[in-house]
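First the structure, in the form of structure tokens, and then the observations on it.
Each reported figure results from applying straightforward, stated rules to the coordinates on display, with no laboratory input. Note that the coordinates shown come from a computational prediction; the quantities given were computed from them, not determined experimentally. All Cβ positions, glycine included, derive from the backbone under ideal geometry; neighbour counts span all protein chains shown.
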Amino acid sequence: MAAYQTNAIILKREDIFEADRIYHLYTEDFGRVRTLAGSVRKINSKLAGHLEPFNLIWVELMSKKGGDLFITTALSEHSLLPQNPLPPQITLFTKMADFSVRMLKEPQKDGALWNFILGNFINAGKVESGSGDKFLSDFKSGFIKLMGFGDNWQEARYYLDDFGVL
């Protein structure tokens, strides 16, 4: 069993079994990873408050047989979502996170992409009401440029549709 420590953004969470959750994280050192947090939905769980969507966290991951990753420790640095968010802000964050999860299929460290995603989540909290669609469009365009598609959104869309990403 190996232990890893890194900073991460919580993109998505899914409830499984009675008290466990699967988390989709974008990490600074490993790229996108899918992890399990056991008993995190129990009332006395110490991890629950730190593992909220759109939190920037420091996390310790343990690799077990078969390569599965488990969260053993998590400390939230801060929430990327502003306090008392409006519904359009929550929608924007959710769409950005869903797009990121669909685009990033495997763990692969990319410093430029980490800075891009983190910077955009920080800036998304400052977006004025009514300009969320423009911000999301700019986010997607910048994302695909970093993924190597350049400015050709149509080519990227064709390629990604073939692989079921969009």
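A few remarks follow.
- This model, with +1 at the C-beta of Lys and Arg and -1 at the C-beta of Asp and Glu, gives the chain a dipole about its Cα centre of some 280 debye.
- Entry for Rg and Dmax of the Cα atoms in Å (calculated from the structure that is shown) out of [x] 20.2, 65; [y] 16.3, 50; [z] 33.5, 110: [y]
- Peptides 134-142, 81-89, ordered by how many other C-beta atoms sit within 10 Å of their residues on average, highest first, read 134-142, 81-89.
- Couplings 3J(HN,Hα) for region 114-125, derived from phi with the Karplus relation 6.51 cos²θ - 1.76 cosθ + 1.60 (θ = phi - 60°), are 4, 5, 5, 5, 4, x, 5, 5, 5, 5, 5, x Hz, where x marks Gly and Pro.
- Leading residue at positive end of dipole, region 2-79 (Cβ point charges), from LEU61, GLN5, VAL40: VAL40
- Listed residue (TYR23, LEU146, LEU92) projecting farthest to the positive dipole end of the chain, Cβ model: TYR23
- The chain, relative contact order in percent, only Cα pairs under 8 angstrom and at least six apart counted: 20 percent
- Over 21 Å between alpha carbons, listed pairs LYS95/LYS145; LYS12/LYS65; LYS12/LYS145; LYS42/LYS109: LYS12/LYS65; LYS12/LYS145; LYS42/LYS109
- Where GluC sites (Glu not before Pro) fall in DSSP loop in region 13-110, at most 14 other Cβ within 10 Å: GLU18
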